[in-house]
Amino acid sequence: MSVWDQFNLKNRIAIITGGATGLGKAMGQGLAEAGANLVIADINYNLAKQTANEFEMNTGNKAIACKVDVTNIDDVETMVQDVLNEFGHIDILFNNAGINEHIKFEDMPYDRWLKNMDVNINSMVLVSQAVGKVMIQQQKGTIINTSSMSGIIVNTPQPQAAYNTSKGAVIMFTKSLASEWAKHGIRVNTIAPGYMKTELTKDYFAQGGDMIDTWMKFTPLGRPGVPEELQGAALYLASDASSFVTGSVITIDGGYTAL
Ligand SMILES: NC(=O)c1ccc[n+]([C@@H]2O[C@H](COP(=O)([O-])OP(=O)(O)OC[C@H]3O[C@@H](n4cnc5c(N)ncnc54)[C@H](O)[C@@H]3O)[C@@H](O)[C@H]2O)c1
């Protein structure tokens, strides 16, 4: 198999949660360009539908939208059934939906803590279990979880203990699942992006000020990443090019965690 063939995703089915916009959309676009058929699973159905239509127009591959709150088990199970009805199999699961809130820990209402945990890590439990049952039957599949450099280091100056904790959990969840499911032919890896310009962060970059100056001071490349800069790693982990890679964390952070 040539090196280019290793990256070919023709006829593969990929579910990407939080794929309607931001990093998920860019990484989904990369997978679609490599040949995958996409399922855009997002709580924002209208945007997911728009994104799926764009993917179909740009690549000629099939893309469908599913309205899914990844914290809701009924939504997740319905999505898996819908995907099986449409495509018959699932090759790639990208657990990417996430939220972030800057709240001082002493002021953090417990329900906000739980919300961060639910969207950022507990959702991965629900979706990975539901899709994992299909992959175990297939004895084949690859799962990619979006963590963050915040799962490795503590960001400064903003207070975001819940986010950091949830993203640290994503890394250990990834390693645990990689270990348990290797015998089923399922690989599980995670990417840990640094500061990227998306809907999640665009207001902070627009405001500028001390926080942004600090972020950039600690980023050796001196700028935020753009979503397209995650496409290569996403495609690598989704494809046969990474067939001997499982339980790994790939940091894509402009050098932030090197300091
Ligand atoms: N932007 C960054 O700098 C950065 C850095 C590191 C990691 N990340 C992580 O990357 C992932 C994507 O971030 P982004 O910047 O693209 O965010 P974003 O806000 O631009 O997009 C997030 C997407 O997730 C969807 N979503 C939110 N809650 C959902 C739910 N309960 N169910 C289904 N979909 C839901 C939103 O509708 C949206 O389409 C997140 O896990 C985030 O923590 C982002």
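The values are calculated or read from the model by the stated rules, or taken from the named source; none is laboratory data. What you see is a predicted model; the values in this text were computed from it and never measured. Quick reminder, even Gly has a Cβ in these numbers, built from the backbone with ideal geometry, and neighbours come from all protein chains shown. Just so you know, the surface numbers come from the protein's heavy atoms only, side chains and all, with ligands and any DNA or RNA stripped out. Shrake-Rupley method; radii C 1.70, N 1.55, O 1.52, S 1.80 Å.
Ranking TYR45, TYR204, PHE173 by Cα position along the charge dipole of the chain, where only Lys, Arg, Asp and Glu carry charges on their C-beta atoms, puts PHE173 farthest toward the positive end.
Would you mind telling me the share, in percent, of accessible area of the stretch 29-68 contributed by carbon and sulfur at probe 1.4 angstrom? Accessible surface attributable to carbon and sulfur in the stretch 29-68 totals 47 percent.
Kirkwood hydrodynamic radius (Cα pairs, Å) of the stretch 106-259?
16.6 Å
The long axis of helix 22-33 is offset from the longest Cα principal axis of the chain by roughly 30 degrees.
Does anyone have the angle between helix 73-87 and the longest principal axis of the chain? Alpha-carbon axes, 0 to 90°, nearest 10? Computed tilt is about 40 degrees. Contact order for the chain, expressed relative to its length and based on alpha carbon pairs under 8 Å spaced 6+ residues apart, stands at 20 percent. In the structure shown, do any of LYS197/LYS217; LYS115/LYS167; LYS133/LYS175; LYS104/LYS167; LYS10/LYS49; LYS25/LYS62 have a Cα-Cα gap over 20 Å, and if so which? In this structure, LYS10/LYS49 exceed 20 Å between Cα atoms. Compactness of the chain, taken as the C-alpha radius of gyration over 2.2 N^0.38 Å, stands at 0.97. Over the stretch 43-84, Cα pairs under 8 Å with separation of 6+ residues give a relative contact order of 34 percent.
If you roll a 1.4 Å probe over the stretch 129-259 with all protein chains in place, what percent of the accessible area is carbon or sulfur? Here carbon and sulfur together make up 56 percent of the probe-accessible area. What whole-number distance in Å separates the alpha-carbon centres of the stretch 7-52 and the stretch 190-259? After rounding, the separation between the Cα centres reads 19 Å.
What shape does the stretch 25-167 take by its C-alpha gyration tensor, where a ≥ b ≥ c are the square roots of the eigenvalues and a/c under 1.5 counts as rounded, a/b above b/c as prolate, and the rest as oblate? Working shown, then result.
Working: a/c = 2.04, a/b = 1.73, b/c = 1.18.
Note, shape of the stretch 25-167 comes out prolate.
In the chain, the DSSP-assigned H stretches of four residues or longer account for a calculated mean residue ellipticity at 222 nm of -13500 deg cm²/dmol, using -39500 (n - 2.57) per stretch and the full residue count as denominator. Solvent-accessible surface of protein heavy atoms, probed at 1.4 angstrom with all chains present, puts TRP181, TRP4 in the order TRP4, TRP181, largest first. Helix 161-181 and the longest principal axis of the Cα set of the chain meet at an angle near 30°. Proximity of backbone amide H atoms, modeled 1.01 Å from N, is registered between THR251 and ALA192 at under 5 Å, excluding neighbours fewer than 5 places apart on the same chain.
Remark: accessible surface ordering of HIS89, HIS184 (largest first) is HIS89, HIS184, probe radius 1.4 Å. In the context of the full set of protein chains, residues of the chain present 46 Å² of accessible surface per residue (probe radius 1.4 Å, heavy atoms only).
Of GLY209, GLY22, GLY30, the residue with the greatest mean-square motion in the GNM of the chain, using alpha carbon springs below 10 Å, is GLY209. Working ranking of peptides 41-51, 213-223 by packing, defined as the average number of other Cβ atoms within 10 Å per residue, highest first, is 41-51, 213-223.
Largest accessible area first, the listed residues ARG112, ARG12 line up as ARG112, ARG12 when surface is computed with a 1.4 Å probe on the assembled protein chains.
Considering only protein heavy atoms, what is the solvent-accessible area of ILE136 at a probe of 1.4 Å, reported in Å² to the nearest 10? Counting only protein heavy atoms, ILE136 exposes about 50 Å² to solvent.
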